[in-house]
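Structure record follows, encoded as structure tokens.
Please treat every number below as a calculation from the coordinates, not as lab data. In this text the structure is predicted, and so the values were computed from the model without any measurement. Glycine gets a Cβ as well: all are built from the backbone with ideal geometry, and neighbour counts include every protein chain shown.
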Amino acid sequence: MSDVIIVGDGPAGLSAALFLAKNGQDVTVFGVNKTAMHSAKLYNYLGIPEITGSDFQKVAHAQVQKFGAKIQDQQVTSIEKTAAGFAVSTESGERYESKYLIIAEGKSIKLAQSMGLTITSSGVEVDHNYRSAVDKLYVVGRSTRLTRSQAVISVGTGAVAALDILATEKGKDFVDYDTVD
Ligand SMILES: Cc1cc2nc3c(=O)[nH]c(=O)nc-3n(C[C@H](O)[C@H](O)[C@H](O)COP(=O)(O)OP(=O)(O)OC[C@H]3O[C@@H](n4cnc5c(N)ncnc54)[C@H](O)[C@@H]3O)c2cc1C
């Protein structure tokens, strides 16, 4: 059983994975790297003058794995709420469980819909920490802002949800700051 399962390996899901794995959570990300990022060349990601979306994805995958996040190269076919948290089923028929679940499925919103979450014209309804109406279920990234999606925003939403989970687990507010020495 993972602490956190993340469905979706675009910028939003990988950002959540980075913050969570770096801070000691057992994280499993599901995704087959089929993100719109592969069509993009970014000139608007602050701090990186230019990068192709494919290079961004390559760096991001390596970065999260360095901190111990596991990436399962599989499509998730269904998710369900269980007594202990959540269970996800994959196309190969395997079932994985976790305490928290983060949906970062991009524009598809199929899994969010399957959980009965409210969808408006802007996307899946969440609060300012990207919590959904279901306890311990978060939705981040493009799914929450379908028509105003930018990579840098998706990365921010993943970080916000991760900090909320870390704060909940620690029972107090939490920030992930590193210093020069
Ligand atoms: C042509 C084009 C150019 C763009 N250019 C820019 C740009 O210059 N600058 C910029 O900021 N943004 C740009 N974007 C937008 C950018 O690509 C998105 O904002 C960003 O990809 C959103 O990240 P995300 O993680 O929210 O969603 P996504 O990147 O869509 O990631 C979602 C991931 O979840 C996976 N997934 C979905 N369902 C499942 C499932 N059931 N099981 C497993 N995995 C699943 C998908 O395969 C995908 O990998 C561009 C987009 C396009 C189409």
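Data overview
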| read-out | value |
| --- | --- |
| Residue order, fewest to most beta carbons within 10 Å, for Asp55, Asp3 | Asp55, Asp3 |
| Within the range 2-170: Cβ-based charge dipole about Cα centre, in debye rounded to nearest 20 (Lys, Arg +1; Asp, Glu -1) | 300 |
| Within a Gaussian network of the chain (alpha carbon springs, distance under 10 Å), most fluctuating of Ile79, Ile119, Ile103 | Ile119 |
| Cut-off under 5 Å, modelled amide H: who pairs with Gly123 long-range | Leu146 |
| Bridge type composition, the chain - antiparallel percent by DSSP, nearest 5 | 50 |
| Nitroxide proxy distance, nm - points 7 Å out along Cα→Cβ at Glu97 and Lys34 | 2.9 |
| Leu46, Leu137 arranged by Cβ crowding within 10 Å, fewest neighbours leading | Leu46, Leu137 |
| The range 1-41-the range 102-167 distance, computed between alpha-carbon centres (Å) | 13 |
| The chain: relative contact order as a whole-number percent, Cα under 8 Å and 6+ apart | 26 |
| Hits among aspartates and glutamates - C-alpha to C-alpha of Lys58 under 16 Å, sequence gap 8 or more where chains match | Asp9, Glu50, Asp73 |
| Straight-distance crosslink candidates among lysines, where the alpha carbon sits under 19 Å from Lys110 and sequence neighbours closer than 8 are dropped | Lys34, Lys81, Lys136 |
